[in-house]
Amino acid sequence: MNLYIYSDESGVFDKKHNKHFVFGWLVLFSKSEKENISRKYLAVEKVLSKKYSTELKACIVENRDKNKLFKALNSVQKGGVVVKQDKVLDDIFTNKKSKQRYLDYVYKIGIKRHFLDLIKKQLIKPEEVENIYFFPDEHTTATNGLYELREGLLSEFKDGTFNHKYDKFYPPIFPNLVSLDVKYCASDKVRLVRSADIIANKIYYHSVNDKLSDITNRVFICKQP
C-alpha cells in the first residue's frame, strides 16, 4: 500500500495577532484513488472557474462555492490539526527556526494521530504500507528545512523515535516502510494541494467560531498543544 498526503495551512503563526493556526490534509490510499479524486475535484473547479478569474483558493472563493469544493471530497479521508496559539510557549516565537521546528512537530504528530485512527478503523494495515508521499503547499522554506521535515517524518514512521527525558523508545507504526518522500508543491499547479487548502480553511473557520464539533464526523481533527 502507498499513501499520498496533500496538505496546506490556514491562518498565520503569530501569537500576538492570531489565536488559531491550522494544518489540513487529505489521505489517499492508492494512485488510482488519487487520480480519481483529482478528476472529480477538477470537474467542480471547471464549473466554478466560469465565475472566478483566478486560482480557486479558499481566500478568494465564496462560502457556498467552498462548500461545493469540500463536498467533492466527501469520499476522501480528511484530517487536520488546530494549534491554539495562546497555549504555545512564548520562546517558540523568538526566531524563525524555532517556529518552523514547532510547526514541523505539530504537522508530524497530527498526521501520526490520523494514521493511528485509520489503523484503528482498519482502513490501513500498518504492515502493508510500503511508501508514503507527502505533498505540502510550498512556502518559504530553505533546503535544510525540507530536509529536517523529511527526517522528522522518517524517524516517526520508519525508524522509530526515542524520548530522552523518559528513556523510552517508540517503535515506528509502519515496520515495513521502504521510502518516504516530501515534495513541496505550488497550489496553482497541483490540484489536490488546492483541495487541501479548502480543508484547512474549513477547519480554521470552524475553529475560530468554536464549531469544530460540527465537522468532526467528516474530518479527523486533533489539537496542539
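The values are calculated or read from the model by the stated rules, or taken from the named source; none is laboratory data. Model, not experiment: these values are computed from the prediction. As a convention, Cβ positions derive from the backbone with ideal geometry for all residues, glycine included, and neighbour counts pool all protein chains shown. Heavy atoms of the whole protein, side chains included, go into the accessibility calculation; ligands, DNA and RNA do not. Shrake-Rupley method; radii C 1.70, N 1.55, O 1.52, S 1.80 Å.
Computed quantities for the displayed model
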| quantity | calculated |
| --- | --- |
| Which numbered condition Glu55 misses (of (1) open to solvent by 50 Å² or more (accessible area, probe 1.4 Å); (2) in contact with a helix residue (DSSP H, G or I) (Cβ under 8 Å, 6 or more places away or on another chain); (3) not in a loop (DSSP other than H, G, I, E, B)) | (3) |
| Residue match in region 78-85 (condition: modelled with pLDDT of 95 or more, among the basic types (Lys, Arg) and either over 29 Å from Leu153 (Cα atoms) or open to solvent by 20 Å² or more (accessible area, probe 1.4 Å) (or both)) | yes |
| Failed item in (1) under 16 Å from Asn201 (Cβ atoms); (2) in contact with a Pro (Cβ under 9 Å, 6 or more places away or on another chain), with Ile5 passing the rest | (1) |
| Test: residue in region 125-143 that is in a helix (DSSP H, G or I), of a type in the set (S, T, N, Q) and loosely packed, with under 11 Cβ neighbours inside 10 Å | yes |
| Residue list for region 186-219, filter: part of a loop (DSSP other than H, G, I, E, B) and of a type in the set (Lys, Arg) | Lys189, Lys211, Arg218 |
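A quick yes/no check of all residues on (1) within 14 Å of the chain's Cα centre (by Cα); (2) loosely packed, with under 12 Cβ neighbours inside 10 Å; (3) closer than 19 Å to Leu26 by Cβ; (4) of a type outside the set (Val, Ile, Thr):
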residue: Ser155; (1), (2), (3), (4): no, no, no, yes
residue: Thr161; (1), (2), (3), (4): no, no, no, no
residue: Lys168; (1), (2), (3), (4): no, yes, no, yes
residue: Pro171; (1), (2), (3), (4): no, yes, no, yes
residue: Phe174; (1), (2), (3), (4): no, no, yes, yes
residue: Lys183; (1), (2), (3), (4): yes, no, yes, yes
residue: Asp210; (1), (2), (3), (4): no, yes, no, yes
